[in-house]
Structure formats: structure tokens, C-alpha cells
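Chemist: Could you have a look at this structure, given as C-alpha cells, before my questions?
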Amino acid sequence: MVQRHKDASGSVAKAHHMAVVALAVFSAVTGAALAPAGAQPTEPDWVSQNLNLDNNRFAPFDGINSTNVSQLTERWSYQVEAADNIAQVTPLVVDGVMYLHSRSTLFALDAATGTERWRAVLDAGSQGGSPVRGPTFAGGNIYAYRGADLYAVNAQDGTPVESFGDQGVLPVVSAALQMKYPDDYPPNLDPVSIGYRITTPPAYHEGTMYVAAALSEGHIPGGLVIATDSNTGNIQWVFNTIPQGPQDAGWEIARDTWGGGARAGGGIWTQPAVDPDLGLVYVNAGKPSPDYDGSARVGINLFSNSTIALDLETGSLRWYFQAVHHDLWDWDHVTGPVLFDVTDKNNQLVKGIAAAGKNCLFYMWDRETGAPLHAMVETVVPTETDVPGEEVWPTQPIPHNADGVPMTPLCATFVELDDPELAERSSQLYAPYWINKEIIVPHGGSSFGSPSFSPRTALVYVTGKNGAISLVVNPVGDTLEPGPDSRGHTESFSSLDRLSEAFPPQVTVSAYDPVTGRQSWQTVLPALTAIGASGNMVTAGDLVFQGVEDGGFYALDAETGEELFQFEAPRPIRASPITYMVDGKQYVTVVATNTVVTLGLP
């Protein structure tokens, strides 16, 4: 069942407050109106998870469009073994060859037929750990990742790139930690043992790979952005999203925002974006650690839950904006960033950047300065809790539209329940959890799957989830140490209920106009859980494609949100789709658990 509704006023359902700290640097805006931002591929290839440096997931193909999308049929499928977890993978397509990888194996397929061309074993060891989301193509090589390591192989035959790291394998996180903190991390350290993971493909620009490392749940001492030479693997610079000392960029800004406890969390879950003209690389940092109990990290905890702009060449901090202060809800600021260019009402070019998170709010800034495109209003939020030593931050920044009212959220920011007992426990956005009382707050939002932007419609499309959670805090204070077992997350609650029966989860696809800040439309699709991983894609055929966990794969009208096509995949979809051309024919591909499904016109 698909539900659609438009919003002409831009009013918001029950959402409250949000503060922003933006460090403005630079000026001057140039470019062509409604042209895709950054560097668009000159050939019809899908070379990284989110297509290009903008992360805009806009494919310039219109062979499949609103007049014929209903005729799409399955052209081929390819299934991997169950042990080869590819459930969240976005494949690449370059010169008619499709590339994808699991934690252990890289596969090359004929993109027109699905025939396997070759496979390369990255590592024959255990496949435990975080899911992978796909490789990156650059300079004739495929760059894949596993654990805390980066692999480089020749795209033609899968042989290792011997000049990269040690025979094609670079322990990139270990090397970065040793370079940045030589007194703290020995050369033989396994970063996975203290909770580090790579969970997103790197971004590539002019000989440099920009690698991002997560896992906030492991109570890691900050997420890392690592610039490394794509030919040799030599580390060029390292930025820590949670500065640990004077050697870290942004230390003087962040130093006094953590109290006396551990400075942990801030993992980077999603692919960086790059603007070569401005010389900036952008990342979204996740939540602080531990979750739910922030008593040992008094303050706003910079630069957690922030969109961050760094100098491409040096890694120095140019600007940042914190979307959630002193996060107590596991509301990672995780989706995006996506770059876009639009023209405003005065025919002036706006070079924008957008991001979303698990709080269901949508944020947009000038990507040169970090200034919000529209008002961000610090709004008073609830602060009462019985967690010992907790100092809830009293305000949060709420994005407003051009009319000066809160933007319509991309998913539910208040949990409306029919059961009177449950309804009494439902609390507003940003209400803190308790030890001796169960409250219910929204917990869906936007996760992992990047938004898309169409220069044809000048709209940004964001995937979200309607969900709810009831949780009781287990106070941990400052007792945790880094580790691979998600201790920063699981040890800080004593009970958790996702209320999937009382508040059934749903997928939302929302279209936003950056110039007005209004939500143009929203379409609601089925969901099995409130934990989202799949994103969307938009094409020059004015179609938005979205997969959901029950196996439904949808094509929506990019102007209206109307459902134009539905396909039932054989398994749940938790990955983002792609489209590509081979021999003049357009294909659409999405991964459904362990099966690559490719559609095309008859």
C-alpha cells in the first residue's frame, strides 16, 4: 500500500529545537544554474556507491521514463553464496562490467548478461563484522574494503595492485592511527580489536582516496577521515571527528565540549562528498559514545552528529555544523552528504549541501561557508531525567523553511499510538530517556542510503523510516573501554522495545525544494523494520527508484511521487539501486539480500 501526500505550506509535525554551530570560511560562488555540482562522470559509468563526487545519485539517462517504466522486466540475476554478505552493496558499472564485493570476495560480472567474468578473494578469513556497501573505481583499479583494511585490484582481471600498500592490501586505519598518534598505537595493533571498522566505500579525487572509518558503537576515540595516495597507499593526512588533543584539527573548538570523560564516537558511516572547485571534502559524523547515558561527556560533544568540511589538500577544518547536541538517542547524523546547485528567486546560484539523520529532520547549508540555507532555530527541549549526572543540552537546532516555519520532517517526529497506555508514554522529539520510567520516542529516520538530487526537477529526494522505540537506560558513566563488541551501545540500556506492532514501521520517500525549504511530496511504502539501509536514485527520465525490505522495488514520478512501477524481488532489499547503459540499452540494478537483480525494457 502506497500513500502519498503533498505539503504546500512546509509546516512541520511535532518536532522541537535544534542548535547549530557553524564556522564560516571563504566566500564567492560560481557555477551554472541547475548544473550538477562538482564533477559529473563524462562517461555513463557508475564509479562509486553514490555515483559521483557530489553523491547526488542522478543518472543522466532517460531511456527508461514515465511512459515505459511499467514495461520493465527482469533481464538477469546473479546469486552469491549465503556467506558472501552483499545485502547492503551498491554495485559499480564501468565499461560494461559490474563490480561488487562481499567481506571476502570481489566479483566482476558482464553488466548486460550477469555472466561472471572473474572473482578475486580479498581475504579467506572469517567474514564476521560490519556489512560492506560496495567498492570504488579509480584509475583502472577497484578499491574494496574489509574490516579496517583497503584492497586495490586491477579492474581487468582482479590481480592485486602491487604498488598499493603491501601487494595490494593497505591496513589503512592502523597506518592512520600510527601516523596521527604514534605514542598511543603500536605498529602491530589490529584496529578491529578496539572497535574500528570501515563501513563505507572511499571517495576518489585526483590520485587521492578519502577513506572514512566508523564504528561509534565500539566506543572508538573518534571517527577518522584518511587521505591516502591511490597508487601507493601512503597516508597524506588524518582528521579525527572527535579531537583527542592539540595534534588534532579543531581541538581548541571541541576541547571543552566533552567534560572530563572519554571522547568517543563520531564514526563516519557514509561516503564522503567532494567539491574540487572549492577544494573541500565533506563528511557526516555519527553520534557520541556511549549511547543514552551522556553523564560522562558533559557538553555538546563536538564534532559528533555534525556535517564537516575539510580542506582537500591538508585535512584542516574549514567549517562544521552540529545537527544534534549531546546526543542521547542514537540519532546518528549519518545520511549524505549530497551536493547540489540551484538558482534562487533572484536568479543567484546557490551551491548547497544537504544531510539527514535518524531524527527525521533535513538540513541544508551553503557548502562553501556552512551557513544554513534557511533559518536554524535553537529550540528549547525537555531536560528532565533520572540518569545520575546527566546534563541534557537545553536546546536543539530545528531547520526552518523560507517562510520561517519548521521544515516538514521526512518521517514521524512524534509517535501517535492507539493504545491509551502506550500513548501516555509517547514523548516529544528530544525527550531524554530514564532509568525508572519507560518513554516512547521516534526512532527511524534516514540511515546509510544517500539522498539524491535531480538538476531537472531541482529537488532533493530523501529516504526515511517511520519507527518508534521504548528504552530504559542502564547508566555506565565513564566505565567503558574501546572494543569490538558494540559496548558503547548495548551496555547503556537495560531494556529496548521497537514497538513494531503498535507502531508499524514504514519507508518514506520525500522530495524537498532547496530554494523554499518546502517538502514537495512524500510517498509512504511498506517496511519490515525501522532500521533503514536502502537509499534511492533519480534519473533524467524523471523517475525515483526505491527498494524496501519486503522485496518491493518501486519507481516513483520525480515530480509528484506517484507510483508508476512495482517489482517484487526474491528477497529483502537493503541496498541502493543503480542504473547504467550497455550498448545503448539502459538497465536498472538493485541487490536483494544475496541476489543481484537487473531490470530492463523488452
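Chemist: In this structure, is Trp118 touching a Gly at 6+ places or on another chain (Cβ under 7 Å), loosely packed, with under 15 Cβ neighbours inside 10 Å and in a strand (DSSP E or B)?
Modeler: yes
Chemist: Go over the candidates Lys287, Lys345, Lys358 one by one and state the one that is touching a helix residue (DSSP H, G or I) at 6+ places or on another chain (Cβ under 6 Å) and either farther than 30 Å from Asp485 by Cα or basic (Lys, Arg) (or both).
Modeler: Lys287
Chemist: Return the only residue of Ala214, Ala148 being at pLDDT below 95, closer than 29 Å to Pro577 by Cα, in contact with a helix residue (DSSP H, G or I) (Cβ under 8 Å, 6 or more places away or on another chain) and among the small types (Gly, Ala, Ser).
Modeler: On inspection, the qualifying residue turns out to be Ala148.
Chemist: Continuing with the same structure: Only one of these is part of a helix (DSSP H, G or I) and surrounded by fewer than 24 Cβ atoms within 10 Å (Cβ to Cβ): Ser130, Ser163, Ser193. Name it.
Modeler: Ser193
Chemist: Checking the condition touching a Cys at 6+ places or on another chain (Cβ under 7 Å) and either of a type in the set (S, T, N, Q) or without any contact (Cβ under 8 Å) to a residue 60 or more places away in the chain (or both), which residue from Thr413, Thr385, Thr463, Thr395 passes?
Modeler: Only one candidate qualifies: Thr413.
Chemist: Among the listed residues Val544, Val515, Val509, identify the single one that is in contact with a Leu (Cβ under 6 Å, 6 or more places away or on another chain) and either more than 30 Å from Asp418 (Cβ to Cβ) or buried (at least 24 other Cβ atoms within 10 Å of the Cβ) (or both).
Modeler: Val544
Yes or no, residue by residue, for (1) in a strand (DSSP E or B); (2) modelled with pLDDT of 95 or more:
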| residue | (1), (2) |
| --- | --- |
| Met179 | no, yes |
| Pro186 | no, no |
| Thr228 | yes, yes |
| Gly233 | no, yes |
| Ala249 | no, yes |
| Thr270 | no, no |
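Chemist: Moving to a separate point now. Within segment 470-481, can one find any residue that is outside any loop (DSSP other than H, G, I, E, B) and touching a Gly at 6+ places or on another chain (Cβ under 6 Å)?
Modeler: No, segment 470-481 contains no residue that is outside any loop (DSSP other than H, G, I, E, B) and touching a Gly at 6+ places or on another chain (Cβ under 6 Å).
Chemist: Also, quick follow-up: Looking at (1) at positive phi; (2) surrounded by fewer than 24 Cβ atoms within 10 Å (Cβ to Cβ); (3) modelled with pLDDT of 90 or more, can you tell me which one Ser486 breaks?
Modeler: If we test Ser486 against (1) at positive phi; (2) surrounded by fewer than 24 Cβ atoms within 10 Å (Cβ to Cβ); (3) modelled with pLDDT of 90 or more, just (3) comes out false.
Chemist: What pairs come out if I take residues in segment 184-209 that are more than 10 Å from Gly147 (Cβ to Cβ) and pair them with residues that are surrounded by fewer than 18 Cβ atoms within 10 Å (Cβ to Cβ) and of a type in the set (A, V, I, L, M, F, W, C) whose C-beta lies under 8 Å away, six or more apart or interchain?
Modeler: Close Cβ pairs (under 8 Å, with a partner that is surrounded by fewer than 18 Cβ atoms within 10 Å (Cβ to Cβ) and of a type in the set (A, V, I, L, M, F, W, C)) amount to His205/Ala39.
Chemist: Another question about this same structure. I'd like the full set of residues that are aliphatic (A, V, I, L, M), within 30 Å of the chain's Cα centre (by Cα) and at pLDDT below 95, limited to segment 388-422.
Modeler: Scanning segment 388-422 gives Ala412, Val415, Leu417.
Chemist: Here are some conditions: (1) surrounded by fewer than 19 Cβ atoms within 10 Å (Cβ to Cβ); (2) modelled with pLDDT of 95 or more; (3) over 22 Å from Ala468 (Cα atoms). Lys345 meets all but one. Which one does it not meet?
Modeler: For Lys345, the failing item is (2).
Chemist: Still on this structure, I have one more. Run Ala138 past the list (1) under 24 Å from Ser534 (Cβ atoms); (2) modelled with pLDDT of 95 or more; (3) not basic (Lys, Arg) and report the number of the one that doesn't hold.
Modeler: Single failed check for Ala138: (1).
Chemist: Right, another one. Scan segment 508-546 for residues that are small (Gly, Ala, Ser), in a strand (DSSP E or B) and farther than 14 Å from Ser452 by Cα and report the count.
Modeler: The total comes to 1.
Chemist: Which of the residues that make up segment 423-447 are among the small types (Gly, Ala, Ser), under 26 Å from the mean Cα position of the chain (by Cα) and farther than 30 Å from Val544 by Cβ?
Modeler: Ala431
Chemist: Inside segment 174-183, can you point out the residues that are of a type outside the set (A, V, I, L, M) and either in contact with a Lys or Arg (Cβ under 8 Å, 6 or more places away or on another chain) or free of Cβ contacts under 8 Å to residues at least 60 places away in the same chain (or both)?
Modeler: Ser174, Gln178, Pro182, Asp183 - these are the residues of segment 174-183 that are of a type outside the set (A, V, I, L, M) and either in contact with a Lys or Arg (Cβ under 8 Å, 6 or more places away or on another chain) or free of Cβ contacts under 8 Å to residues at least 60 places away in the same chain (or both).
Chemist: Can you tell me which residue among Thr307, Thr314, Thr335 is surrounded by fewer than 21 Cβ atoms within 10 Å (Cβ to Cβ) and of a type in the set (Ser, Thr, Tyr)?
Modeler: Thr314
Chemist: Of all residues being acidic (Asp, Glu) and without any contact (Cβ under 8 Å) to a residue 60 or more places away in the chain in segment 417-455, which is nearest to Ile531 (Cα to Cα)? Just the residue, please.
Modeler: The qualifying residue nearest to Ile531 (Cα to Cα) is Glu438.
Chemist: I've got another one for you. Mind telling me which of the residues Ser450, Ser454 ends up being at pLDDT below 95, among the hydroxyl-bearing types (Ser, Thr, Tyr), within 27 Å of Leu556 (Cβ to Cβ) and under 27 Å from the mean Cα position of the chain (by Cα)?
Modeler: Testing whether each residue is at pLDDT below 95, among the hydroxyl-bearing types (Ser, Thr, Tyr), within 27 Å of Leu556 (Cβ to Cβ) and under 27 Å from the mean Cα position of the chain (by Cα) leaves just Ser450.
Chemist: Considering only segment 251-268, state which residues are in a loop (DSSP other than H, G, I, E, B) and either at negative phi or at pLDDT 95 or above (or both).
Modeler: Hits for segment 251-268 are Trp258, Gly260, Gly261, Ala262, Arg263, Ala264, Gly266, Gly267, Ile268.
Chemist: Here is a list of conditions, (1) assigned to a loop (DSSP other than H, G, I, E, B); (2) buried (at least 18 other Cβ atoms within 10 Å of the Cβ), and Asn436 meets all of them except one; can you say which number that is?
Modeler: The failed condition is (2).
Chemist: Only one of Asp54, Asp84, Asp62 is buried (at least 16 other Cβ atoms within 10 Å of the Cβ) and at pLDDT 95 or above. Can you tell me which?
Modeler: Asp54
Chemist: To continue, here is another question. Looking only at residues that are modelled with pLDDT of 95 or more and in a loop (DSSP other than H, G, I, E, B) in segment 89-112, which one is farthest from Phe545 (Cα to Cα)?
Modeler: Among those residues, the one meeting the criterion is Asp95.
Chemist: Just to verify a result, which residue in segment 350-387, among those that are among the aliphatic types (A, V, I, L, M), under 25 Å from Gly464 (Cα atoms) and not in a strand (DSSP E or B), is farthest from the chain's Cα centre (by Cα)?
Modeler: If we take residues in segment 350-387 being among the aliphatic types (A, V, I, L, M), under 25 Å from Gly464 (Cα atoms) and not in a strand (DSSP E or B), then Val381 is farthest from the chain's Cα centre (by Cα).
Chemist: Next question, about the same structure. Please find, within segment 554-576, the residue that is farthest from Ser452 (Cα to Cα) out of those that are free of Cβ contacts under 8 Å to residues at least 60 places away in the same chain and crowded, with 19+ Cβ neighbours inside 10 Å.
Modeler: My answer is Ala569.
Chemist: Might you check whether a residue that is among the acidic types (Asp, Glu) and within 19 Å of the chain's Cα centre (by Cα) occurs anywhere in segment 507-517?
Modeler: no
Chemist: Do any residues in segment 541-552 that are more than 23 Å from Pro504 (Cβ to Cβ) and among the acidic types (Asp, Glu) have Cβ atoms under 8 Å from those of residues that are surrounded by fewer than 23 Cβ atoms within 10 Å (Cβ to Cβ) and modelled with pLDDT of 95 or more, where the two are at least six apart or on different chains, and which pairs are they?
Modeler: Sorted first by the residue in segment 541-552, then by its partner, the pairs are Asp542/Asp62; Asp542/Asn65; Asp542/Ser66; Asp542/Arg456; Asp542/Thr457; Asp542/Asp557; Asp542/Glu559.
Chemist: Then there is this: Taking Gly561, is it under 17 Å from Arg456 (Cα atoms), more than 24 Å from the chain's Cα centre (by Cα), in a loop (DSSP other than H, G, I, E, B) and not β-branched (Val, Ile, Thr)?
Modeler: No: the conditions fail for Gly561.
The values are calculated or read from the model by the stated rules, or taken from the named source; none is laboratory data. All of these numbers come straight from a predicted model, not from anything done at the bench. Positions of Cβ are backbone-derived with ideal geometry, glycine not excepted, and every protein chain shown enters the neighbour counts.
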